[in-house]
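Input: a single structure, listed below in structure tokens.
No lab work stands behind these numbers, since they all come straight from the coordinates. Since the model is a prediction, treat every value here as computed from it, not as a measurement. As a convention, Cβ positions derive from the backbone with ideal geometry for all residues, glycine included, and neighbour counts pool all protein chains shown.
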Amino acid sequence: MSPISTRKDGKLFWIISDNPPVNALGHAVRAGLAEAIAKGNADGGVQAIIIACDGRTFFAGADITEFGKPLQAPGLPEVCDAIESSSKPVIAAIHGTALGGGLEVALACHYRVAVPSAKLGLPEVKLGLLPGAGGTQRLPRVIGAEAALGMIVSGNPVGAKAAHAAGLVDKLAEEDGLRDAAAALAKEVMDRDTHPVTSRRGDKIRAAKEDPGLFDRFRKDNARMILGLDAPEACIAAVEAAVNVPFEKGTALERELFMKLVTGDQSKAMRHVFFAERMAQKIDGLPKDTATYRIERVGILGAGTMGGGIAMNFLTAGIPVTMVEREQAALDRGVSIMRKNYERSAAKGKFKPEQVEAAMGRLSPTLDFEALGDCDLIIEAVFENMDLKKDIFSRLDQVAKPGAILASNTSYLDIDEIAAQTRRPDHVLGMHFFSPANVMKLLEVVRGRETTPAVLATAMAVGKKIGKVAVVSGVCHGFIGNRMLAARQEQANALLLEGATPWQIDDALTSFGMPMGPFQMADLAGLDIGWNPETTSSSTVREVLCEQGRRGQKTGKGFYDYGEDRSRTPSKEVEAIIADFARKSGKPPRDFTEGEIRERLIYPMINEGAKILEEGIAQRASDIDIVWLYGYGWPAWTGGPMFWADTIGVGRVLSGLERHGRALGEDFTISDRLKTIAEDGRRFNG
Ligand code: 3H9
């Protein structure tokens, strides 16, 4: 049955789409729309056509699953052209989200009505694409080139009220009166001689015609956001064409750019990320409708950097937090840092001052451990020490109410060993946040041996509620992310002694698109984490740096020297320390290419990822990708480490590992899973 139905209502002709869950514009919807427009036009009794959607949203875009497959006609550009050239006015009735191809359909309509809660946007850039059904040509003609550039290049949607103010929406309806408002507008306009045809409008792009510097200015102002990505430049070029060449030429360019992007590696990777993020929510053996616990108050143990950051997530989401520390000074310091962080975000316009007060008002800081008794979820975020954690969990078990979930934010330690300290190991799990915890989107949810489905489902739901992307991990040292990070760090340390400098090593990763390399990361975190001045033995480069007061950014020097403004310069002193170690290792230093360094750092991570899959620690390769994308800033346009391996070929990774292993005179233990996938010419991601 076609997802498109039509209905005549006097002189009005309704076209309704019902294609759950998001009314994506797949082949059946496009074909149905084209047919319905023709039918409405052919019917002499019809004077206006309304396009609306059933279900939770207006069209949320092209059907992304169809990309990469042969196109089944009609394509969306033709459908949009058919709508625009309808001899009878077409009105879009928008609720939910009109995104991508969905907004392009609406732009092809002559009029747009929306409920205030609707959101309108062209998010294609987030999939490594540009709007490919006339959006780059029609949007500038409706709201002006500068505003269109902002929407298309950021991909961020705007609310219906702002869209109305910008002229993108003609009429705002009552929240529950969309269809009535659309019918009223249709009746109001149907007797008019002419109707606004977007592709023929020119008034809004005039300002940009008179400001030829606009596009280069935009490129310069947004250089950071678009660095390394193909799609934003294509978006800019297409909007530039909207201003400078006729509509038909502009759409031809748009099409050409779209086809290039949709078949390119970056978009493939970013589409993978879109589905991977949704896939991560699906847990093997856990039905979608698993009952969850109500979480009305959260307890956080520890007011340090992690505890404070974790607490902010809940406070921002409207969930009250009881935060417990051992000493008043530490508690006060933690609370004041949280307030400062909120105020800094407010200064950037992310929060209103009253939202900051409301969030801080939900915080109950206390020294009283017993105060955790009425919390539904308690997250421990104290120092990374097993004995300490064991002691805390046995105490928590005493004070927490029955049914409360106990979570540890440990980055490495064995959740099962911690859970065994309690009488409720089935209610214990890991909730591993990434620093800064109020910013980074990843939450590793560590499923213990005895964690019940309801507890796991609750942690996943809580993650979603506070805006995180939650990924399930099994128990192992370092879980998914830090276990792979350790494999990379081992190589980074070895490379130092073989003659590569910290800056070469860091650059090999930043030029790949990572936000920072291992030594920049170490300087930021502090080199003295886990370092003990009492037992220091000058046996590693890091120890010697700490002994010499080079403890990272906070001391103005670590692997790098830092200026007042935190600017970073390579240090000769550090080079000398490393050279000394290298001499003692007996291996003559040699030169490295960037490619070799990158292989040495990344291939072992992929190998570790394959072992993680083999052991069932991660459910699927795409979960590993999500961990690295949202926990460590892995560049989205390469799709994550496992997808990147698929792109370059798992066989190439295998031969690289074997080659480096031989050269080093040591054997990387190569994962059997990786070997089989390489030998069969398969991919990690399906
Ligand atoms: C485009 O339009 C190109 C055109 O310019 C040119 C064409 C020539 N296709 O996110 P949710 C699935 S590019 C296929 O969990 P929410 C999704 O995988 C497109 N499937 O819901 C999930 O499946 P499952 C531009 C899609 O309420 C289910 O729907 N548009 C699509 O949290 C529910 O999704 C976009 O980029 C799709 N387009 O959020 C918008 N969209 O249940 C993409 C969703 O099996 N979509 N699915 O896991 C979104 O941003 C969000 O889905 C939306 C709803 C905000 C709509």
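For the reader, a short list of remarks on this structure follows.
- Kirkwood-based shape ratio for region 298-477, expressed as Rg/Rh from alpha carbons: 0.95
- Electrostatic dipole magnitude of region 431-588 [Cβ: Lys, Arg +1; Asp, Glu -1; Cα centre; debye, to 20]: 640
- Computed from point charges on the beta carbon alone (+1 for Lys and Arg, -1 for Asp and Glu), the dipole magnitude for region 298-477 about its Cα centre is near 780 Debye.
- Interchain or long-range residues, amide H under 5 Å from Thr410's placed H: Met431
- Mean Cβ count within 10 Å, highest first, over the residues of peptides 622-629, 83-90, 423-430: 622-629, 423-430, 83-90
- Unsatisfied cross-links (Cα-Cα over 24 Å) in the set Lys69/Lys260; Lys389/Lys557; Lys204/Lys348; Lys161/Lys350: Lys389/Lys557; Lys204/Lys348
- Cα-based shape type of region 474-591, given that a ≥ b ≥ c are square roots of the gyration tensor eigenvalues and the cut on a/c is 1.5: rounded
- Using θ = phi - 60° in the Karplus curve 6.51 cos²θ - 1.76 cosθ + 1.60, the 3J(HN,Hα) couplings for region 204-209 round to 6, 9, 4, 4, 5, 4 Hz; x is entered for Gly and Pro.
- Mean projected area of the Cα convex hull of region 4-263, taken over all directions, amounts to 12.8 nm².
- Computed from Cα atoms alone, the Kirkwood hydrodynamic radius reported for region 559-683 is 16.8 Å.
- Annotation: amide H of Leu122 within the under-5 Å range of Gly100, sequence separation 5 or more or interchain, hydrogens built in the peptide plane.
- Whole-angstrom gap from region 193-223 to region 423-470, using each part's C-alpha centre: 46
- Antiparallel %, DSSP beta bridges [both residues in region 4-263], to 5: 30
- Qualifying trypsin sites (Lys or Arg not before Pro) in region 545-604, where qualification requires a DSSP coil assignment and no more than 12 other C-beta atoms within 10 Å, comprise Arg566, Arg590.
- 3J(HN,Hα) along region 60-75, derived from phi through the Karplus expression 6.51 cos²θ - 1.76 cosθ + 1.60 where θ = phi - 60°, amounts to 8, x, 4, 7, 5, 5, 7, 5, x, 9, x, 5, 9, 5, x, x Hz, with x in place of Gly and Pro.
- For region 33-64 versus region 487-539, the inter-centroid distance based on Cα atoms is 58 Å.
- Whole-angstrom gap from region 672-686 to region 127-151, using each part's C-alpha centre: 41
- For region 589-604, the Karplus equation 6.51 cos²θ - 1.76 cosθ + 1.60, evaluated at θ = phi - 60°, returns couplings of x, 9, 8, 10, 8, 4, x, 5, 4, 4, 4, 4, 7, 8, 4, x Hz by residue, with Gly and Pro reported as x.
- Bridge type composition, region 298-477 - antiparallel percent by DSSP, nearest 5: 15
- Summarising the label geometry, the points placed 7 Å from Cα in the beta-carbon direction at Ser435 and Thr669 lie 2.9 nm from one another.
- Above 16 Å, the calculated P(r) of region 401-458 contains 41 percent of its Cα-Cα pairs.
- On Cα atoms only, tilt of 386-399 relative to the major axis of the chain in degrees: 60
- Overall shape of the chain was characterised from the C-alpha gyration tensor. The equivalent ellipsoid obtained from it has semi-axes of 49, 31, 25 Å, in decreasing order.
- Degrees, to the nearest 10: 178-189 long Cα axis against longest axis of the chain: 40
- Within the chain, percent of DSSP bridges classed antiparallel, to nearest 5: 30
- Viscosity 1.002 mPa s, 20 °C: Kirkwood-radius Stokes-Einstein D of region 440-541 over Cα pairs, µm²/s: 130
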